[in-house]
Structures are given as structure tokens and as C-alpha cells.
Amino acid sequence: MLSPFKPKFVWEESYSIGVPALDEQHQRLFGLLNKMLNLDKIDPTHALKRLPGILKQLNEYAAYHLLFEETLMKQHLEQDAYVVAHFTEHRAYWQRIAEFEQRIADGDIHAVHGVTVFLDYWWTQHIQKADRELGIRLNQDV
């Protein structure tokens, strides 16, 4: 049985971390994530067929964004426990995405809802915690 949780990717000013380039990228990510919501509303078999294309588009932009964050950290921050943990979060994200891609390739119709819930949780938590701290640290460096 599917979870009753219904994600929605709505950008709110409370997600702003005070670094315009990252805030703009986060808003674009939310737009891409919203495409996945539509899949969670249709027949799971049909959604499973459409998911790889949407996930590929999201993965390409997520890779660009996460690399951008990592480059900023390397250029402007001392490597400390926070930076290591932030990089580790990024690696864990890609590991989970790979697991969902395998489930999708295996034809698991529950992967559509599962990946949507995961992405909602991961991105909102990552932005509100790790990236918020990144914004504070980058703005101190200015």
C-alpha cells in the first residue's frame, strides 16, 4: 500500500539561503521536481514508463547544482567537519538515486511514489539544513 504522504514542491522564501545563484538553482530544481508529481497522480504502469526520462533530466541538473555547491565550498571554505558532511550527503543522494534507478529498471511500480517521496524529503531537508549553513558560511566569507 502506498504512503498517504503527498509531496509538493513549492518554493517559498523560507527556502532562500541568501546566495542568489544557489537560490535560483534551487527554484529550478523545484520546477523539475514538480514534473514528478504529475507521475504520482497517474496509472503507476504508465508513470513507470515516463519516469526514466524525467529522472534523467532531474539528475542532469542535480549533478550540475551539486557540483556547483562543491566548487563553492572548495573555493571559499576551509575543509572541516561541515564540508565533509555536506559532500557525504551528496554522495548518499546519488547512491539512493542509483537504487531507485535499479528499481525502475526492474519494473517496480512502487518506485514512482518512492522516488517522489525521497526527493521531496531529501531536497527540502538538504536546502533547509546543509545549504542554509552553506549560505551562512559563504556570506561570512564575503
Review point. Which of the residue pairs 35/129; 49/129; 41/74 have a Cα-Cα distance greater than 31 Å in the structure shown?
Key: 49/129; 41/74
Check your understanding: What ranking do 11, 123, 94 get, fewest neighbouring Cβ atoms within 10 angstrom at the top?
Key -> 94, 11, 123
Check your understanding: Exposure proxy check: 73, 36 ranked by fewest other beta carbons within 10 Å?
Key -> 73, 36
Review point. So for 71, 116, fewest C-beta neighbours within 10 Å to most, what's the order?
Key: 71, 116
Review point. Looking at the chain, do any whole DSSP H helices span at least 27 angstrom along their long axis by alpha carbon and average -0.5 or above on Kyte-Doolittle, and which?
Key: 20-39, 44-76, 81-105
Point to revise | Candidates 119, 67, 37, ranked by Gaussian network fluctuation over the chain, Cα under 10 Å, top entry | key: 67
Check your understanding: Using a Gaussian network for the chain with springs between C-alpha atoms less than 10 Å apart, which of these wobbles most: 70, 13, 101?
Key -> 13
**Study point:** Using alpha carbons only: equivalent-ellipsoid semi-axes of segment 78-142, gyration tensor based, whole Å
**Key:** 31, 13, 6
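Every read-out reported here was derived from the displayed coordinates using simple, explicitly stated rules and does not represent laboratory data. It should be emphasised that the depicted structure is a prediction, and the values quoted were computed from it without experimental measurement. Backbone-built Cβ (ideal geometry, glycine too); neighbour counts: all protein chains shown.
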